[in-house]
1. Only one of A:319, A:326 is over 21 Å from residue A:462 (Cβ atoms), surrounded by 15 or more Cβ atoms within 10 Å (Cβ to Cβ), in contact (Cβ under 8 Å) with a residue 60 or more places away in the chain and under 21 Å from the mean Cα position of the chain (by Cα); which?
2. Consider residue A:276 carefully, then state whether it is in contact with a helix residue (DSSP H, G or I) (Cβ under 7 Å, 6 or more places away or on another chain) and either open to solvent by less than 50 Å² (accessible area, probe 1.4 Å) or at pLDDT below 95 (or both).
3. Restricting attention to the stretch A:329-348, which residues are open to solvent by 80 Å² or more (accessible area, probe 1.4 Å) and without any contact (Cβ under 8 Å) to a residue 12 or more places away in the chain?
4. Return only the number of the condition from (1) within 25 Å of residue A:57 (Cα to Cα); (2) at pLDDT 95 or above that residue A:409 does not satisfy.
5. In the list A:405, A:461, which residue meets the criterion of being touching a residue at least 24 places away in the same chain (Cβ under 8 Å) and within 11 Å of RNA strand B (Cβ to nearest atom)?
6. List, please: which pairs have Cβ atoms under 9 Å, are six or more places apart or on different chains, and start with a residue in the stretch A:374-389 that is in the same structural domain as residue A:311 (by TED's automatic domain parsing) and part of a helix (DSSP H, G or I) and end with one that is of a type in the set (D, E, K, R) and within 7 Å of RNA strand B (Cβ to nearest atom)?
7. Is there any pair linking a residue in the stretch A:425-447 that is within 18 Å of residue A:460 (Cβ to Cβ) to one that is outside any helix (DSSP H, G or I), with Cβ under 6 Å and at least six apart or on different chains, and which?
8. Which residue, of A:150, A:129, is closer than 28 Å to residue A:193 by Cβ, of a type in the set (D, E, K, R) and buried (at least 19 other Cβ atoms within 10 Å of the Cβ)?
Amino acid sequence: MTTIRLHDTRSGELRELRPRDGGKVGIYACGPTVYARIHVGNARPFVVYSLLKRYLEHEGLDVTLVINITDINDKIYVAAESLGVASADLAAQMTAHYQADTEALGLGRPDAEPLASATIATIVALIADLIDSGNAYAVAGDVYFRVRSDADYGSLSCRPIDEMNQGEDDELSPVGASLKEDPLDFALWKAHKKGEDTVWDAPWGRGRPGWHIECSAMAEQFLGVGFEIHGGGNDLVFPHHENEAAQTRMARGAELAQIWMHNGMLQVPSNGAKMRGATDQAKMAKSVGNVAALHEVVDAFGRDALIMLFVGAHYRQPMAFDVERMKEARARVARVRDAARGLVDGESPAQMRPLRDAFFAALAEDFNTAAALGALFEWINERHKPRAEPVGRADLVEMLSVLGLQNLAGDAGEPGPEEQELLERRQAARAGRDYDEADRLRGELRVRGWEVRDGPDGPELVRVEP
RNA sequence: GGCGCCGUGGCGGAGUGGCUACGCAGCGGCCUGCAAAGCCGUUUACUCCGGUUCGAGUCCGGACGGCGCCUCCA
């Protein structure tokens, strides 16, 4: 089997993917908190891990992808209150939006999309185990994780324990009286507070789960302890993933995941600032207010262009996002689509095989979609060279399928009778040297989504974006 | 301030010490009634300063700059 290596945050190195059980691979990626519609930045991990799954399946592995949905959270309470709706209703509404918005990416659904609110029993049981083993303590209805009981705490984010600060909860605790034994400790369970309209029973009191415990619980429930790949944005390394790892380590005596993958952030330059050397750019984040909603971007540029944008850079790198980048991605899509026209069914020429192989070799080395895309475009350049035999589409379809862009090599459909008639009228006009009329008819066809291309064998109608 | 990542041609963006990444845009040309698509060409880039090496964008040290995390965040 192909050796597949992925960058592991904890070791800081590429690690070979070694499935525990035969060819089975579990991937858990942290999904959104549903208090508003998601932005393009939130879509990056969804795309990265969905495509990683496709690639691993291409390599013959049996992949289970789990992307959770956080539907219990302070932000949801706050947003719901300001809207005057029940927090559970807001979360349900935004969950539906999230699923529709990501569905529009056309990459399918994860194998499981667990909700925190539907995993309470598992969460409570995990917390109970942590209390029983002395790694957590209940106080006044809250439950805290005893960070210093984990000798390996900090090993994921690679930072010394004494320079860390959990922050969360400190401000929410009663004034001047933190309930924690140690400021490093973080909440596993939060006692019910006024204004919170969702609450669950637990042995230590009514309340709700803390931020980090849900992922430990859901990942274990769906994939077991010690699964292959845990992913998410690199802004989650600390404290979220550090805490997740610590919880499972202390409760189970084993590491939650083998490889911790983290994708880079989208960067949004303001005022046309350039990516490099600019001072006025920032990560796309709701708190910064520089977000572009996923559904708006997909509506404006199409899912093909957005996926092309994402695969155009290595997943770990920060990625520039703005209108110009989207236009460029759209142009790349057009080049691929054009290259796919005129291909015939069947195998591709043997001389082009090395480029197809280079594509997959790039993916095997830390899922380098940017390098792979380079090989794909080299394949396209080769495809355009004059050759005696028609070119089979097998290689191209195989590569595009892994990128979720196989539709670019699909059949665009046939022009209808009206378009055919317009084309014939244009031909008649051209024959009569009435080029103004011919150009007018060409423009009419363009508006209908068909581009006229005059070739040696006469005009051809090509499907394009209207 | 601490930890981590990064600094490549007009722009985006790969890059395992030695041979054209790739894409987009612009310009010139071929083709064309004009276009589109495609093809050819486009004065050859690696922040700066040292070091290692026969040879460094690619390794080491330093400087400067950027980004992320350290607080909710994909």
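The values are calculated or read from the model by the stated rules, or taken from the named source; none is laboratory data. What you see is a predicted model; the values in this text were computed from it and never measured. Quick reminder, even Gly has a Cβ in these numbers, built from the backbone with ideal geometry, and neighbours come from all protein chains shown. All accessible areas refer to the heavy atoms of the entire protein, side chains included, with ligands and DNA or RNA removed. Shrake-Rupley method; radii C 1.70, N 1.55, O 1.52, S 1.80 Å.
1. On inspection, the qualifying residue turns out to be A:319.
2. no
3. Listed by number, the list is empty, since nothing qualifies.
4. (2)
5. The conditions single out A:461.
6. Qualifying pairs under 9 Å: A:377/A:332; A:377/A:335; A:380/A:335; A:380/A:338.
7. Between residues of the stretch A:425-447 that are within 18 Å of residue A:460 (Cβ to Cβ) and residues that are outside any helix (DSSP H, G or I), the close pairs are A:442/A:452; A:445/A:452.
8. Step by step, each of A:150, A:129 is checked, and only A:150 is closer than 28 Å to residue A:193 by Cβ, of a type in the set (D, E, K, R) and buried (at least 19 other Cβ atoms within 10 Å of the Cβ).
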